[in-house]
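Enquirer: Just passing along the structure, written as structure tokens.
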Amino acid sequence: MYLAPPRLRDAPVAVQTRNIEKVLSDCFPTQTFQQCDRRLTVPALDISMAPAKLHIFRNYSFTRPFGASLDDEQDIMFKDAARASSAAPTYFEPFLYQGRKFVDGSFVANYPLNILFKEVDSFSRHNNKIRLAGVVSIGTGEPAQSERKYKSGTTLKAKAKNMAHLSTLILEQVVGQDLTAVEMAQERCHAHNIPFVRISPKGINVRIDQIDDGKLMDMIWTTQLWLVENLREVDKLGELLFKLLSDPDEGKRRSNTVL
């Protein structure tokens, strides 16, 4: 949820939009999806019409072999797909592309694991089965658990506080949907013997526009501590990537990761 009143002003949003577009243009000046030798699936939310709907940028066809040429209008530049998928409301302006408006987020486009399985199922429906070699889920961190102090009360002041508590509960349910999606994906992977790795440090509660050096350093150290305390998961990630991407004759080190 992007609840930042100062960001609703036109100037900061316009400036941030120009900044991210410059960064993306510098990083991916000419690269297109079809130039990539891996399947790419990038979700965004199309808000051109109501209700908004999921849109997926991809470099493959469900009916053709991977690598086969696609229609010109299906090929998209990296910077455009990244811009559409990262247009967080109140932080960046919607992205205009081929007459449509795209933004990031919502229940529809914010759960890439569900979208991934939907894509795999679509291949199967077209008799073009593919198998997932593994799933690596990287989260942006989760707030630490804390004891809740909740009282309904009977006075007007107490009821006002209760309304604030209810709004917090609603927000938690919105954010908590992501964890439910992760758990469902993990169970599906286990049922089909697909390796699953989840990297998402606990104790992270930092706003997307945080610029305070002290708070950012706290976030970095919290992340570092989580990684050290979860070496088993980090090792699992290293072993999975080594198995899938390395030269079979290459010497193996512990976890092939460095902390």
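Just so it is clear, none of the values below were taken in a lab; they were calculated from the coordinates. Keep in mind the model is a prediction, meaning the values are calculated, not measured. Glycine also receives a Cβ, built like all others from the backbone with ideal geometry; neighbour counts cover every protein chain displayed.
Enquirer: Quick one: VAL42, VAL228, fewest Cβ neighbours within 10 Å first, how do they rank?
Expert: VAL228, VAL42
Enquirer: Taking only the Cα atoms of the stretch 33-83, how large is their convex hull per residue, in Å³?
Expert: Convex hull of Cα atoms, per residue: 90 Å³.
Enquirer: Show me, bin by bin at 5 Å from 0, the whole-percent P(r) of the stretch 1-130 based on Cα pairs.
Expert: Per 5 Å bin, starting at zero, the Cα-Cα P(r) for the stretch 1-130 comes out as 2, 10, 17, 20, 21, 15, 8, 4, 2, 1, 0 percent.
Enquirer: Further, regarding this structure: Going by C-beta contacts inside 10 Å, put THR32, THR140, THR222 in order with the fewest on the left.
Expert: Details: THR32 15, THR140 10, THR222 18.
In order of increasing Cβ crowding within 10 Å: THR140, THR32, THR222.
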